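The values are calculated or read from the model by the stated rules, or taken from the named source; none is laboratory data. Not measured: the values here are computed from a predicted model. Note that each Cβ is placed from the backbone with ideal geometry, even for glycine, and that neighbours are counted across all protein chains shown.
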Amino acid sequence: MSLIATQSLTKTYPGGVTALADLTLSVEPGVIGLVGANGAGKSTMIKTLLGLLTPTSGQVRVLGLDPVTAGEEVRSRVGYMPEHDCLPPDMIAAEFVTHMARMSGLPRTVARERASEALRHVGLYEERYRQIGGYSTGMKQRVKLAQALVHDPNLLLLDEPTNGLDPAGRDAMLTLIHRIGTEFGISVVVCSHLLGEIERICDSLIAIEGGRLLRADRIEAMTTGTDVLAIEVAEGTAELLAALAARGLAPREEGRLLLVPLADEDTYDLILRTVAELDLPLHRLDQRRHRVAELFATAPRPSLEASHV
C-alpha cells in the first residue's frame, strides 16, 4: 500500500485560483520532500491530505484512507506540524502537548506520559514546565513537532519546519527530523522551499510548480554522479593542486575542494599516488554528484502520468 496516492487531484478556490491541478502520484514510505516555490500548492496539498480541504475533483488516499470520507481516522494516524506560529503563549509546553494528546483520543494518564516522552525526544524535557510564550523560535518549533508526535502517528506532515530558525537551529531541526524518520520508523513528508534541506535528509522528492507535478523521484536517482572527482586534504591543498596540474589533470579549486575531470579509471590511481608522494592527509576522494537544485533549471515540464517515489 502506498503511503500517499493521488489521481488527477485538483483543488480550485473560489475566484478561480487553482492550487492543485491534475496531480497524480504514488508515494512510498520514507522521508519525503515536498518542494516548490511559495504559492506552488504545497500547503494546499498537505491540508487536502489531512481532510481539512475537499478536492474540487480527483482522488486522494492517505495510508489507504480517503481523507474526504475518513478525515477523522486519517488525522488520528497522521501528525501535523503547521507552518505558522499557532501556540498558546500562556500555556506551559507539557500542558499543551498533553492537551493535544487528549484531543487525539488518548486517556489522561497516557496523554501525560506521551507528552513528556515527546518533549524529551525533541530536546525540551528540562524546559517542559515553562510557558511557551517565553520560548525562543527554535523551541516553539520543537513544541509544534512534539505535539505532532505525541499520539504515535504513522505519518508526519511537516510544513516548513525550519521557518524562522538561524543556521544552527535549522541544522538541529533537520537532524531531529532525519532521526525520527530513520530511527522511529515514522514516515515523514517535509514541506519546504529549500532544496538543500530536502537533499540533506530525504529519501525521495516531489516537486510541484503552479499546482502541477514537476518531478518526483528518489534523491539518489536525481543526484547521479558527474564526470568530476572531488578531493579534500587536511593540509597542503596548494601543493597538491600544483602537483596534479604538473601531471596534466587540470585541477581547479572550489572552496576546500580540488575538482579534477574524471578522464578514465587511471585518474583515481594517479591522484592517490600524488597524495601519497606528498604525504598529505586525504579526507575525501569521490565522484562528485549533482545537487538537486542544479537539476531544476532544466527540469521537464509537468507530466500528467502517475509518478512513483
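Some points to look at:
- Only one of the numbered conditions (1) assigned by TED's automatic domain parsing to the domain that holds D264; (2) on the phi < 0 side of the Ramachandran plot is not met by R215, and that is (1).
- Screening V17, V31 for residues that are aliphatic (A, V, I, L, M), crowded, with 20+ Cβ neighbours inside 10 Å and assigned by TED's automatic domain parsing to the domain that holds H178 leaves exactly one candidate, V31.
- Of the helices (runs of 4 or more DSSP H) lying entirely inside the stretch 72-173, the ones with 2 or more residues being surrounded by 15 or more Cβ atoms within 10 Å (Cβ to Cβ) and among the basic types (K, R) are found at 108-121, 137-149.
- Scanning the stretch 49-59 for residues that are in contact with a Ser or Thr (Cβ under 8 Å, 6 or more places away or on another chain) and either closer than 21 Å to S192 by Cβ or not assigned by TED's automatic domain parsing to the domain that holds A207 (or both) yields a single hit, L53.
- Subset of the stretch 90-106 (residues that are at pLDDT 95 or above and not charged (D, E, K, R)): M91, I92, A93, A94, F96, V97, T98, H99, M100, A101
- Which numbered condition L149 fails, given (1) within 24 Å of P29 (Cβ to Cβ); (2) out of contact with any His (no Cβ under 8 Å at 6 or more places or on another chain): (2)
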